[in-house]
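Rule-based calculations on the coordinates, nothing more; no lab input. Because the structure is a prediction, the values reported are computed rather than measured. Virtual Cβ from ideal backbone geometry, glycine too; neighbours counted across all protein chains shown.
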């Protein structure tokens, strides 16, 4: 049973938007480097330099993916430990995540440095482009050492509740990359080396802005001495990291295999158009990553607190965001291919008719892949269908590539149709799976755990700091108390606690905020009240507030997802029982 005619979950919705922006930008960081480099090299240095940067893109992505596998799962697991107050375990998870991601990046960088000539020629197949790749990759290897630090620090800061810090660091790094590319290539005429150095310096700027948060001791996560459960932590980090990044792995493999196939069948012109599609993907695929990570974090939290309505609202927002964003992008690629050719300085260099065909096929494939990625990651994985998730994601990449390969034997133009033939049936199959599993409409799958939430009577609302809805809320709280047969003594204590916590939140709020969220719940053995606000981090427990201050039995405080979350509970007298379940 739920009582509330007022606006609710203002804070959760706001923190979801903040976290979403942060995770999207964090995912975009390793990709924006080669996107910016590709744009400037294409317009200032010519097609061979553009192809060199684009063919290096999968290598940069691979390093980013490997480090994310090491740290992203750990960031989510550490956040769960922090919510439970297990600081020691969270710090050990952070330590393992950072060490493994750095070691992996160093190992890959050394391997590429030793074999740089062979790798450069293998990526392009042409000595002219291989020279550019060798020059670009020789410098970008330094960026590979910076990536694991940025990814680990960005992910942990976001999951710890400071996504704004991550956003500022990432945006500063990306902005610096644009300015430095213009400076190094256009003013100092450093060529493709200038693009590489711009990327290295921009990554270092990101690191300089995010690292002080951890070095100053503000973060709850810091390096800690490892114990006997190190291998267990490592396995859990990698397992969850792989699950979060499985679609990234498939995308990167498809880029590598697809580029080789297109170069052999359609030549340099076809590869140029395919590389433009890869650059568009690099600029936009971070939305999938960000949406999945932000949604998983918030859905996990909402499950812990038993908010099934909030969980479903986050899921609906996730689906709608991906549907509209990638749907509009697909329409733009199909209807206005000249725009993308102009962005990369390829107007007049490649045939527009061929570009329209390539962009149309790729736009349909890309839309299907992104929809499946979000569907299987957020819905199927959290519903417990991890096996179905992995099968669907890998099937999308493998079947699409095989369709392109098979149709290329018929005709070079038919090869592009393979992206449609391989992707559309898989999207239909993934939606059909959800429909068959839950008998729900194809665009949405119900979580299995929603039905397992504890039964309760619940009142939640967003309280206006300007008191515009205070009288109506008081009436609703009286109704809640009467419905739950709350003893008058506890009613007065809850009212007193609510008033005190409200004034604390008001004192430390950010002025632009209009609401804070309050939730009252009756469980079988207790009443609880939870205050959530997005103000400055402030723990009532460290400023003279205790359970005795409210005549309560327990009080707890957590700072998560940019929210101050304070929960107070009062045990029921033995004679009081739950009379109305909902």
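Descriptive notes on the structure:
- Residues of the stretch 248-286 falling in the label zone of residue 342, defined by backbone nitrogen less than 13 Å from a point 7 Å along Cα to beta-carbon, are absent.
- Burial ranking of peptide ranges 212-225, 188-201 (average Cβ count within 10 Å, highest at the top): 188-201, 212-225
- For the stretch 515-559: rounded, prolate or oblate by the Cα gyration tensor [a/c cutoff 1.5]: oblate
- Using equal-weight Cα scatterers in the Debye expression, the normalised intensity of the stretch 454-571 in log10 at q = 0.12 Å⁻¹ is -0.40.
- Descending by average beta-carbon neighbour count within 10 Å, the peptides 472-480, 53-61 line up as 53-61, 472-480, the highest first.
- Backbone N within the stretch 33-63 under 16 Å of label point (7 Å from residue 189 Cα along the Cβ vector): 44-46
- Under 20 Å from the residue 225 label point (7 Å along Cα→beta-carbon), backbone N, the stretch 81-119: 86-99
- In plain terms, the residue of 371, 87, 278 with the fewest other Cβ atoms within 10 Å comes first and the most crowded comes last, giving 87, 371, 278.
- Residue 482-residue 398 pseudo-label distance in nm [points 7 Å out on the Cα-to-Cβ vector]: 6.3 nm
- Peptides ranked, highest mean first, by Cβ atoms within 10 Å: ranges 112-119, 344-351: 344-351, 112-119
- Shape of the stretch 2-438, Cα gyration tensor, a/c cut at 1.5: oblate
- Three-way shape label, the stretch 100-219, alpha-carbon gyration tensor, a/c 1.5: oblate
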